[in-house]
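Presented below is the structure to which this report refers.
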Amino acid sequence: MRSVLNKYVRPALRSRWAGRLRLGATIAVVSLIGTVVGTLLLAHSEVAVGPFRAEMSVSPSFSGGTEVDIPPLGSLHLDSHAGPIHLKVNLGSLDQQRTEALIDDPTAISAAGQSAVDDVARGVVKLALRALGASVVTSLLLAALVFRSSRRMAWSGMLSLAVTAGSMGLAAGTLRPDSISEPRYEGLLVNAPAVVGDARRIADNYGRYADQLAQIVSNVSRIYATVSSLPVYEPDATSTRILHVSDLHLNPASWDIIRTVVKQFDIDAVVDTGDIVDWGSSQEDAYVSEIPSVGVPYIYTRGNHDSVATEAAVRRQTNARVLDNTTTTVKGLTIAGIGDPEFTPDKSNEPAPEAGNADGSMPSPLVLAGSQLAVTVGAEHGRVDVAMVHDPAMAPPLSGTVPLVLAGHLHQRRVSILPKPDVPPAGSASPAPDGASDDIMATRLMVEGSTGGAGLRGLEKEEPTPIQMSVLYFDEQHQLKAYDDIELGGTGRSEVTLERKVIGHDPEPTTNPSVRNGVTPINPSTGTPD
């Protein structure tokens with residue numbers, strides 16, 4: 001055996017061809033290591049799509065495909081192409097400087113929307129060139145350290161170029177444009193079918209929304225110009241401006257709009273009447289971490305989609321004030337609030353049992369919660385100016401105790417005057433005499449629409465749910481003097497409207513019977529609270 005080894009094997013290993021094979025294998029290994037390291041470290045690119053930012057990167061992979069990160073919802077995985085390259089896209093936010101530059105030139109806004117698809121294509125090409133350069137340069141540097149030979153460095157660089165270019169060619173050759181209709185969700189997007197209904201309906205609408213990309217880009221850009229030109233109601237220097245938002249439902253785009261309105265309208269505080277998330281899960285806590293970026297006090301009451309854990313996550317934010325049968329003060333304006341007693345993120349909202357039924361049944365939890373807040377308001381030293389609840393069905397017990405009740409839940413904006421109570425408001429010391437109900441203050445109920453456009457639900461219908469919020473103006477006596485209703489058309493729509501309402505100048509709303517006895521009616525045509 002030893003003689004065979006000495007006679008055949010060792011000479012073969014020392015032969016010229018064996019040396020070349022070892023050298024070639026070493027060059028290949030060095031080249032592959034350089035390609036992988038260079039791609040991982042340097043193959044990143046930031047793409048400007050109109051006023052938006054998107055970070056793109058590629059990495060080696062056996063299975064290929066595309067991953068789209070949508071913080072804080074999770075990630076979307078598409079079988080877009082075969083390996084060995086994996087594309088990752090991280091959706092960013094609006095770039096304020098680029099947006100303001102677009103506003104300065106009105107013609108550039110439309111041009112930005114029309115060129116959005118070209119911007120994405122250029123971003124992919126830019127990323128591909130960067131990946132090629134990164135892999136080749138890193139391979140050359142690594143080969144220089146290992147071989148110290150210009151010829152071997154050149155072979156290593158050429159091999160890296162061939163591997164990277166070949167991988168990109170394979171990805172381009174196996175591209176599946178229809179993969180968008182067969183997505184795989186991870187994270188909170190696992191719940192997407194339950195949130196938005198049949199996922200195929202979203203895929204069917206995708207082409208329609210893509211065709212309207214120019215309008216979407218223009219819409220978000222114009223909001224800066226629109227709100228900056230809106231006249232601000234200033235009865236005097238002591239006025240207080242409150243921004244009422246509700247039902248954000250985990251829509252990341254809402255924060256950019258809120259921050260813009262806070263800045264342009266010189267807002268003193270934001271009040272949120274609940275449903276800031278969808279499922280009340282711990283994975284959604286990252287969403288509420290945007291609250292400090294608003295830059296003013298953020299006053300919040302829990303909605304039926306918000307869990308106690310969600311409420312705790314909001315409470316941890318430095319500028320947040322959580323109201324749960326408690327009060328707070330902003331510039332002398334006293335605000336009371338209570339969280340929704342029901343936690344129903346996984347089913348349709350149904351009318352609560354009526355209070356005061358002939359069979360003597362107990363009032364609904366919503367009415368009981370409203371009554372608890374009315375007692376707290378009555379026990380407060382000094383007048384409470386605003387009450388916050390999530391479901392307007394909680395409002396009737398507050399009639400006559402506060403001049404203004406703010407609510408949400410319905411995803412539809414409406415304003416009404418609550419019916420005056422037949423008995424003194426909760427917290428009163430003695431019964432009211434006959435006819436004394438005429439002296440009870442009128443209570444205005446203002447129900448906000450969805451500031452998140454109903455979240456992912458907004459994509460389910462043919463007509464997108466609009467994004468709505470309101471700016472409330474209070475004078476030095478803390479009386480509501482006017483309010484501005486702001487509405488964006490929603491996903492795939494470009495309309496932006498801002499409407500001023502002055503208290504006492506416009507026709508007063510009529511009494512709203514739809515919230516009597518704690519019942520929130522359901523619209524049979526839409527299946528939503530009505």
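For Trp279, the conditions (1) open to solvent by 10 Å² or more (accessible area, probe 1.4 Å); (2) at pLDDT 95 or above; (3) closer than 28 Å to Leu368 by Cβ are fulfilled apart from (2).
Only one of the numbered conditions (1) small (Gly, Ala, Ser); (2) part of a loop (DSSP other than H, G, I, E, B); (3) touching a helix residue (DSSP H, G or I) at 6+ places or on another chain (Cβ under 7 Å) is violated by Gly400, and that is (3). For segment 480-496, the criterion of being surrounded by 24 or more Cβ atoms within 10 Å (Cβ to Cβ) and modelled with pLDDT of 90 or more is satisfied by no residue at all.
Can you tell me which residue among Leu373, Leu410 is open to solvent by less than 20 Å² (accessible area, probe 1.4 Å), touching a strand residue (DSSP E or B) at 6+ places or on another chain (Cβ under 7 Å) and at pLDDT 95 or above?
From the options Leu373, Leu410, the qualifying one is Leu373.
If you check Ala154, Ala143, Ala192 for being at pLDDT below 85, among the aliphatic types (A, V, I, L, M) and touching a helix residue (DSSP H, G or I) at 6+ places or on another chain (Cβ under 6 Å), only one passes: Ala143. Among the strands (runs of 3 or more DSSP E) confined to segment 279-339, the ones with at least 2 residues that are under 30 Å from Thr401 (Cα atoms), in contact with a helix residue (DSSP H, G or I) (Cβ under 8 Å, 6 or more places away or on another chain) and among the polar types (S, T, N, Q) are located at 326-330. Going by what's in this entry, would Val402 be described as in contact with a Ser or Thr (Cβ under 7 Å, 6 or more places away or on another chain), modelled with pLDDT of 95 or more and open to solvent by less than 10 Å² (accessible area, probe 1.4 Å)? Yes, satisfied.
Output the residues belonging to segment 271-292 that are among the hydroxyl-bearing types (Ser, Thr, Tyr) and under 14 Å from Arg316 (Cα atoms). Don't jump to the end; show me each part of the working.
Here is the first cut: in segment 271-292, the ones among the hydroxyl-bearing types (Ser, Thr, Tyr) are 273, 281-282, 287, 289.
Listed by number, the residues that qualify are Ser282, Tyr287, Ser289.
Reported count of residues in segment 340-370, each being more than 12 Å from Asp391 (Cβ to Cβ), in contact with a helix residue (DSSP H, G or I) (Cβ under 7 Å, 6 or more places away or on another chain) and at pLDDT below 50, is 3.
Scanning segment 247-278 for residues that are hydroxyl-bearing (Ser, Thr, Tyr) and in a helix (DSSP H, G or I) yields Ser254, Thr260. Among the residues of segment 440-479 satisfying the criterion of being within 28 Å of Gly400 (Cβ to Cβ) and of a type in the set (Asp, Glu), which is modelled with the highest pLDDT? Restricting to residues being within 28 Å of Gly400 (Cβ to Cβ) and of a type in the set (Asp, Glu), the top hit is Glu448.
The values are calculated or read from the model by the stated rules, or taken from the named source; none is laboratory data. Model, not experiment: these values are computed from the prediction. Every residue, glycine as well, gets a Cβ built from its backbone with ideal geometry; the counts of neighbours run over all protein chains shown. The area values use the complete protein model at the heavy-atom level, side chains included, leaving out ligands, DNA and RNA. Shrake-Rupley method; radii C 1.70, N 1.55, O 1.52, S 1.80 Å.
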